[in-house]
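K.L.:
Encoded as structure tokens, here's the structure I'll be asking about.
Each reported figure results from applying straightforward, stated rules to the coordinates on display, with no laboratory input. What you are looking at is a predicted structure, and each value in this text was computed from that prediction instead of being measured. Quick reminder, even Gly has a Cβ in these numbers, built from the backbone with ideal geometry, and neighbours come from all protein chains shown.
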Amino acid sequence: MRVVPLLMVAWLLSASASAQPKLQLDIAENDIDVEKRTIHFSMSTATASAEIEVFSPEGTLLYNGRQDYPNATPGSRLEVGWPDLGDNGKNFRIELKFTDTGGNWVTFQVIRFYVEIPHEEIEFETAKAVITPEQRPKLDKPFALLEEAVAKYSKLMSVGLYVGGHTDTVGQAADNQKLSEKRAQAIAKFFIDRGLKSVPIFVRGFGEGALAVKTADNVAERKNRRAQYIISSYVPPLAGPGSWRRVQ
């Protein structure tokens, strides 16, 4: 099985084919449209049909269907889609099987999983990134939720923990950028020290560059002093400064 990570569009994709070397499937990074629930593709041979199954991350079948292409020619740009699944459409696994007019086939898998863990925000001392003893209990509940999510979903797909730190606009932007990453790293270290060792962990500082509440400079807005704990099968495409850095 050939595994191709497409981080630009937040997917993990994989493909396998029959022994026919001339059969090739082409799906580019921008061919998967979650909002419109469509996947565009082409095959090097004439496509006869596309079968699609959509599952929840836990494996429950949410939809299955088939699309036939009676007039397709080799290289035709075609489309397959799935219906609106409501809340079930946020996270899913799609299994696709494309068959050509000669009976040769290729399979393709799309996985999307993204969950932000709810939590009470750690209150750091001014300009510091140390989690004080009285603040540590605020990490107990999210740690339990992270342990549960990792144990459950890492058996079904590759997931990582992404910890993002944010500040308000008090102080210099460059200092806040560095401080936010140190605070994200302090939270990640807490989870690691508690025993969360079976999953890759990444940190990123956003500083004051991705405010939850827009304010002027030098405004001590409590809601902007926050962190994000994300379990995801792909690198979260969050806007703002900084970049994800692996710490485990």
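K.L.:
What GluC sites (Glu not before Pro) does the stretch 52-85 have in DSSP loop regions with at most 14 other beta carbons within 10 Å?
P.N.:
Details: sites: Glu53, Glu58, Glu79; in loops: Glu58.
Answer by residue number: Glu58.
K.L.:
Another question, then. Around Gly240, what is the net charge, scoring Lys/Arg as +1 and Asp/Glu as -1 over all other residues with Cβ under 11 Å from its Cβ? Provide the component values of the computation, followed by the final result.
P.N.:
Working: positive: Arg204; negative: Glu208.
Its environment carries a net charge of 0.
K.L.:
Additional query: So which of Lys97/Lys155; Lys90/Lys141; Lys36/Lys141 end up more than 27 Å apart, counting from Cα to Cα? If you can, show how the numbers build up before the last one.
P.N.:
Details: Lys97/Lys155 23 Å; Lys90/Lys141 24 Å; Lys36/Lys141 36 Å.
Violating the 27 Å limit, Cα to Cα: Lys36/Lys141.
K.L.:
Rounded to the nearest 0.05, what FRET efficiency do Thr126 and Lys197 give with R0 = 41 Å and r taken as the Cβ-Cβ distance? Could you check? Working shown, then result.
P.N.:
Details: r = 32 Å, r/R0 = 0.78.
Taking R0 as 41 Å, the efficiency between Thr126 and Lys197 is 0.80.
K.L.:
Another question, then. Let me know the Kirkwood hydrodynamic radius for the stretch 121-220, please, with Cα pairs as the basis and the value in Å to one decimal. Working shown, then result.
P.N.:
On the way: mean 1/r = 0.0687 Å⁻¹.
Roughly 14.6 Å, rounded to one decimal.
K.L.:
Mind giving me the FRET efficiency for Asn30 and Gln248? R0 is 30 Å, r the Cβ-Cβ distance, nearest 0.05 is fine. Each step should come with its number before you reach the end.
P.N.:
On the way: r = 32 Å, r/R0 = 1.05.
Computed FRET efficiency for Asn30 and Gln248: 0.40.
K.L.:
What is the sum of charges around Arg222, taking Lys and Arg as +1, Asp and Glu as -1, for the other residues whose C-beta is under 11 Å from the C-beta of Arg222? Walk me through the numbers on the way to the answer.
P.N.:
Numbers: positive: Lys223, Arg225, Arg226; negative: Glu121, Glu123, Asp168, Glu221.
The answer is -1.
K.L.:
Specify the angular offset, from 0 to 90 degrees and rounded to the nearest 10, of the alpha carbon long axis of helix 173-194 from the longest principal axis of the alpha carbons in the chain.
P.N.:
Roughly 80 degrees, rounded to the nearest 10.
K.L.:
Once you charge only the Cβ atoms, +1 for Lys and Arg and -1 for Asp and Glu, what is the size of the charge dipole of the chain about its Cα centre, to the nearest 20 debye? All intermediate terms of the calculation are to be shown ahead of the outcome.
P.N.:
Working: 30 positive and 30 negative charges, 136 e Å.
Computed charge dipole of the chain: roughly 660 debye.
K.L.:
Please list, or write none, the lysines whose alpha carbon is within less than 18 Å of the alpha carbon of Lys214, excluding same-chain residues fewer than 8 places away.
P.N.:
Of all the lysines, those that pass the test against Lys214 - Cα under 18 Å, at least 8 places apart if same chain - are Lys223.
K.L.:
Further question: Divide by every residue of the chain the summed helix terms, -39500 (n - 2.57) for each DSSP H run of at least 4, and state the resulting mean residue ellipticity at 222 nm, rounded to the nearest 500 deg cm²/dmol. Don't skip to the answer; put the middle values down first.
P.N.:
Details: 2 runs with 36 residues, N = 248.
Result for the chain: -5000 deg cm²/dmol, rounded to the nearest 500.
K.L.:
Once fully extended, how much extra length lies between Lys155 and Ser76, figured as 0.36 nm per residue of separation less the alpha-carbon to alpha-carbon distance? Working shown, then result.
P.N.:
On the way: separation 79, 0.36 × 79 = 28.44 nm, distance 3.69 nm.
Additional length available on full extension: 24.7 nm.
K.L.:
Could you compute the FRET efficiency for Lys223 and Lys189, with r as their C-beta to C-beta distance and R0 at 35 Å, rounded to 0.05?
P.N.:
Details: r = 24 Å, r/R0 = 0.70.
Efficiency, rounded to the nearest 0.05: 0.90.
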